[in-house]
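Working notes, beginning with the structure itself.
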Amino acid sequence: MSEIHLTINGKPVVAQSGQTILEAAKQADIDIPVLCHHPALANWGACRMCLVEVKGMRGLQTSCTCPATEGMEVETETEKVVAVRKFVLELLFSERNHYCMYCQMSGDCELQDLAYRYGLDHWTYPRPFEKMEVDASRKYFIMDPNRCILCSRCIRACSEIAANHTLGLRDRGARTMVVADLDVPFGESTCVECGTCLQVCPTGALIDAKSAYGGREKDVIHTQTTCMQCSVGCDLDVVTRYQRLLRVDGVWESEPSGGLLCVDGRFKPLYEKRQRVTGPLVRKDGKLVAAGWNEALGIVAEKLQSGSCQGLAYCATTDEALTAFARLFAKVDGAAGRIEPQVAPLGFGQVAKVQDVLDADVIIVTGAQPLEYQRVIGYFIHRAADQGAQVAVITDDENGLSARAAMTLTSAEAGKAVETAAGAGKVVVVYGTEIKPEVIAALKPLGDEAYILALDPARNAQGATAAGLQPQEPSDVDVLYFLLGEQSEDAALLAKVNGAFKIVQAAYHSPLVDQADVVLPTPIWVERTGHVTNLDGSAKPLHAALLMPENVRDEAEALAALADMIG
Amino acid sequence: MEERMMHQVDETVARYGSTDEALVEILRDLSQQAGYLDRPTLAAVAKKLAVPESRVFSVASFYSMISVEPLGKHVIRMCQDAPCHVAGGRKIWETLEQALGIQFGQTTSDGQWTLMPTSCIGLCAVGPVMMIDDEVFGNLTPEKVNEILARYREQDGGAA
């Protein structure tokens, strides 16, 4: 990369070789309008909004695809350029139904903004637009083709970022439209509902079912936090208004996901149906009744000191809470551990980061289902495969990654994956708790060159490890203390719970909560402050986008208060 | 039925090679064999070439020589561009619609005829021009069109 010098609108601009005119202009704070261009997507050059005049070049150039070169003289708002942009906008407005007043994007729409910018004050061309059917077959978002300008951002997001390739274009000319798979309703397609298409749509063609008409950009608050639905720990941009959760967006240029989210992080938490625990509860005369924090904590403190006790945590909470939990049980001489199983180290290789998957030459997946859980890693594997990486899935059951893998092997054939990896550049092994000992033995010849990505099933596994919490089973003690956070217990755990005095700290009601003797409420992801440590080992900050209910306290705070009471 | 289709797909893919680059050729050939590409055929091609269904559909629906909808036994493609238009194309257009009782873009209910507009086919000197399947007809007049249609009907067994 070398420096190049050009002038844009008479202003001297320094750019890097390989940058486009648009990128050079952006760096110099010169605004060139775009519709099909998006910084997270490949340059396209379809919408003709970014046309500029370049001295010495014939015709107008699309600045999003034209490389900046030494000595170039660029003009971005000449009469000629403006006239063409206006003409293109007039055609776009005549083609489909852009009657802004009834569109939920009105006020936040990139197309509408440009119409204002270039002074479209009437329809220049007749509007022959045919009414097209709205596709509401998907739960979380809706496609209204009548608002579509065919910029193809959604298609590129689907194939480049999510590597899912569900979206394409049908037909050509005036009949062109975005379709899924073989032109099936979106809800019946291969769509994985990651919502990336929704986030990049410049108009109101893709509509979020929850936040539509819930508030314009000027009305809402954005809070950046970290996703707690799995251990990948993607950055979230949480959109709220009046203490109401509207929408979750990905954050471009963030690590590790680069803006990609999955249905578990973007949509599902907004459709939570479980009943919230909104204040402390204590069992009186066989019934759980509301109590004050002092009373509830008093009972817990007394019980923890009066007999043998054990603390078991789902790692679904903050680093701070897990540390305070371990500290409390050290103080009362109780055992403390985590409930989820842990992935054991393989004994060879170097620790991989999530993004190591993206530039791998060979990816070996075993004992894990990243497309079902930690989905972003599954999408990253697809992305690497699109770039030519060989994916080998070693499994004796079904694995969603098999469909697009170069090979699917049984445990007995695991050696073949090592053969494939021999001589290849970067080898990444992605594994989970289901990995079999014979597969570990077979993969061992990969040696310390290989990158190893252990998919711990716990959401904040690294935080738990840092706090010294190892997997434990419920034991025969007088007092059992469960730190559940947002995670409802699974049936296997419930079956192992004995007749001990039970303290449960949880955000939602569940059978275990309903059996408890004392229940302490916890905040949920969107109300949390503190940190979570993701798979990459970075302690990522949590910022509360919503206030906790009045009678809820953060676990770390409640656990510290308990420790103080015990003294 | 499905077996036959799978066999056709296998054979066609084998002929052009199982690569992404051969997609257009494979689709065109299959479309010609069966008259159009139904969804199971498109899905089979996608699977066979390991390309996304969305891409197969985009390509198949883009080209006019490939159809993803059932077409009539004969496909009439009438030039809609300016040189044919000024040479009297409008009259031919109307004659075709009247004679077949359908509009452009439609197929007759007996499945005999599909009427489609096309862009210039490079025979402007003899406009107005139309194609019926692979055959080209120039210097068209309404009378000539009716004669041609009658001839085809006769060949097809004297159906009205």
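Interface size, chains A and B: roughly 1000 Å² of accessible area buried, both sides included, 1.4 Å probe, rounded to the nearest 100. Contact residues in segment A:158-187 by the 40 Å² criterion (accessible area, 1.4 Å probe, full protein complex versus chain alone): A:HIS165, A:ASP171, A:ARG172, A:ASP181, A:LEU182.
For segment A:115-162, go through all pairs of different Cα atoms, get the mean of 1/r, take its inverse, and jot down that Kirkwood value in Å. All intermediate terms of the calculation are to be shown ahead of the outcome.
Values: mean 1/r = 0.0726 Å⁻¹.
This gives a value of 13.8 Å.
Relative to the 2.2 N^0.38 Å rule of thumb, segment A:3-77 has a C-alpha radius of gyration ratio of 0.97. I need the calculated FRET efficiency for the pair B:ASP110 and A:GLU295, taking r as the beta carbon distance and R₀ as 51 Å, to the nearest 0.05. After rounding, the FRET efficiency stands at 0.05. Heavy atoms of the protein chains alone define the surface here; on that basis chain B has 54 Å² accessible area per residue at 1.4 Å probe size.
B:GLU147 to B:GLU135: extension gain in nm, 0.36 nm per residue of separation minus the Cα-Cα distance?
Result for the pair: 2.8 nm of gain on full extension.
With a ≥ b ≥ c the root eigenvalues of the C-alpha gyration tensor of segment B:74-155, is it rounded (a/c under 1.5), prolate (a/b larger than b/c) or oblate? In terms of gyration-tensor shape, prolate.
Solvent-accessible surface of segment A:1-105, averaged per residue with a 1.4 angstrom probe and all protein chains in place: 50 square angstrom. Segment A:423-478 and segment A:33-81 have Cα centres lying 49 Å from one another.
In terms of its C-alpha gyration tensor, segment A:442-567 has an oblate overall shape, because the principal axis ratio a/c (a ≥ b ≥ c, square roots of the eigenvalues) is not below 1.5 and a/b does not outweigh b/c. Residues of segment B:52-87 that bury at least 10 Å² of accessible area once all protein chains are present, compared with their chain alone (1.4 Å probe, heavy atoms only, ligands and nucleic acids left out), are B:PRO52, B:GLU53, B:SER54, B:PHE57, B:SER58, B:SER61, B:PHE62, B:SER64. Look at the alpha carbon pairs under 8 Å that are at least 6 residues apart: their mean separation over the length of chain A gives a relative contact order of 13 percent.
Which GluC sites (Glu not before Pro) does segment A:255-306 hold that lie in a coil by DSSP with at most 16 other beta carbons within 10 Å? Mind dumping the intermediate values first?
Numbers: sites: A:GLU272, A:GLU295, A:GLU302; in loops: A:GLU272.
Passing both the DSSP loop test and the Cβ count: A:GLU272.
Once you reduce segment B:97-113 and segment A:509-567 to the center of their Cα atoms, the two points are 70 Å from each other. Taking trypsin sites (Lys or Arg not before Pro) in DSSP loop conformation with at most 11 other Cβ atoms inside 10 Å as exposed sites, chain A has its longest uninterrupted site-free stretch at A:274-567.
Relative contact order, whole percent, for chain B stands at 19, derived from Cα pairs under 8 Å and 6 or more residues apart. Semi-axis lengths, largest first, of the ellipsoid equivalent to chain B are 33, 18, 12 Å, with √(5λ) applied to each eigenvalue of the Cα gyration tensor. The alpha-carbon of A:LYS11 sits under 22 angstrom from the alpha-carbons of these lysines, leaving out residues fewer than 8 places away in its chain: A:LYS26, A:LYS55, A:LYS80.
Relative to its Kirkwood radius, the Cα radius of gyration of segment B:3-62 gives an Rg/Rh of 0.90. Absence of a disulfide-compatible partner, taken as no other cysteine beta carbon within less than 4.7 angstrom, is noted in chain B for B:CYS120, B:CYS124.
For A:GLN470 and A:ALA495, the FRET efficiency from 1/(1 + (r/R0)^6), where r spans their Cβ atoms and R0 equals 22 Å, is about 0.55.
Taking only protein heavy atoms and a 1.4 Å probe, the accessible area of the protein assembly as shown is 51% carbon and sulfur. Checking the a/c ratio against 1.5 first, then a/b against b/c, what shape does the Cα gyration tensor give for segment A:350-454? The shape class here is rounded. In chain A, a dipole from Cβ-located charges (positive for Lys and Arg, negative for Asp and Glu) runs towards its positive end, and of A:SER211, A:ILE394, A:GLN505 it is A:SER211 whose Cα lies farthest in that direction.
Among the lysines of segment A:187-346, pairs at least eight places apart or on separate chains and with Cα atoms under 30 Å apart come to 11.
A probe of 1.4 angstrom, applied to the heavy atoms of all protein chains, finds B:ASP133 with accessible area near 50 square angstrom.
The values are calculated or read from the model by the stated rules, or taken from the named source; none is laboratory data. Owing to the predicted nature of the structure, the values given are computational and were not obtained by experimental measurement. Cβ atoms come from the backbone with ideal geometry, glycine included; neighbour counts cover every protein chain shown. Note: areas computed on protein heavy atoms with side chains; ligands, DNA, RNA excluded. Shrake-Rupley method; radii C 1.70, N 1.55, O 1.52, S 1.80 Å.
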